[in-house]
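The values are calculated or read from the model by the stated rules, or taken from the named source; none is laboratory data. Everything numeric in this text was worked out from a predicted model, so none of it was measured. With ideal geometry, Cβ positions are generated from the backbone for all residues, glycine too; neighbour counts draw on all protein chains shown.
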């Protein structure tokens, strides 16, 4: 059986770096989707924090497949609107890192993703959620970061990210060398520690390039935690080598664990902001709890990705 949705919607971010740099590739991808799925309803985002509302409106209007074109931030926003609705969401990668697309084997090529969509399978995927004190909870599909990486996300402007792509984050990272990092207290199901960077991930890859949380699985119902200790930025040179050589687990100063939740809060007396990022977008400062959400997202996933996972997933029946 092949998926034949009665109404297909594309929610796309016209300011996304990948779509801005190669608009002709996006247009060709859309034409391919029209050939496979028939008429498409195109909905551009209206700025930050609008993709979720537009995706939810499409679901409420009867769409049963919402294709989201953009980067990880746009994917996250659209997922917020579709979580728990039972409406399938598909990804057209058009961002800087495309973490979720890389993780699932969809890849970073818009045309290839469009061509392969018809053969993908809808799967109910668990989500994570970040709750920052005094703010509405924010769901995520890929990861949340606290401390060093969120500080980099805060410092990199949207304009610089559009112009330089991933290089903008590398430049910001090298700019931290020699600086003292903010420490904070971390607590999870298995213990507690003081750290300068916590990654709570649903995916193995980080930024589309590095596999930091190699014990993560998008289809599991827990968070993969990687916790880095120490205020010295020079220590991260050792940590980086551990990432490259797959030697983080067991490295001094690094905790690799799984948990349904993790709490982060500033050290007593600290006035420094506790930066938090969600799926690559700056979310604010803590204290906060990161945990598994109750809702799932019905996500279109490639068969090879599903075949590589040994657990049991809920496969949604395709319509004839």
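Key figures for this structure:
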read-out: Residue list for segment 205-238, filter: at pLDDT 90 or above, closer than 24 Å to residue 127 by Cβ and surrounded by fewer than 14 Cβ atoms within 10 Å (Cβ to Cβ); value: 221
read-out: Check on residue 280, within 20 Å of the chain's Cα centre (by Cα), modelled with pLDDT under 85 and at positive phi; value: yes
read-out: Residue check for residue 100: outside the structural domain of residue 275 (by TED's automatic domain parsing) and assigned to a strand (DSSP E or B); value: no
read-out: Residues (under 18 Å from residue 216 (Cα atoms) and either surrounded by fewer than 16 Cβ atoms within 10 Å (Cβ to Cβ) or not assigned by TED's automatic domain parsing to the domain that holds residue 285 (or both)) located in segment 259-270; value: 260
read-out: Matching residues in segment 203-219 - criterion: being assigned to a loop (DSSP other than H, G, I, E, B), within 19 Å of residue 241 (Cβ to Cβ) and in contact with a helix residue (DSSP H, G or I) (Cβ under 8 Å, 6 or more places away or on another chain); value: 204, 207, 212
read-out: All helices (runs of 4 or more DSSP H) inside segment 1-74 with 2 or more residues being without any contact (Cβ under 8 Å) to a residue 40 or more places away in the chain and assigned by TED's automatic domain parsing to the domain that holds residue 86; value: 23-37, 51-60
read-out: Top-ranked residue of segment 283-311 - restricted to ones that are at pLDDT 90 or above and part of a loop (DSSP other than H, G, I, E, B), ranked as farthest from residue 56 (Cα to Cα); value: 287
read-out: Some residue of segment 271-282 being in a loop (DSSP other than H, G, I, E, B), free of Cβ contacts under 8 Å to residues at least 24 places away in the same chain and exposed (fewer than 14 other Cβ atoms within 10 Å of the Cβ); value: yes
read-out: Number of positions in segment 102-129 that are within 17 Å of residue 205 (Cβ to Cβ) and either touching a residue at least 24 places away in the same chain (Cβ under 8 Å) or crowded, with 24+ Cβ neighbours inside 10 Å (or both); value: 9
read-out: Residues that are crowded, with 19+ Cβ neighbours inside 10 Å and part of a strand (DSSP E or B), drawn from segment 239-258; value: 254, 255
read-out: Condition met for residue 78 (buried (at least 23 other Cβ atoms within 10 Å of the Cβ), under 21 Å from residue 145 (Cα atoms), at pLDDT 95 or above and not assigned by TED's automatic domain parsing to the domain that holds residue 260); value: yes
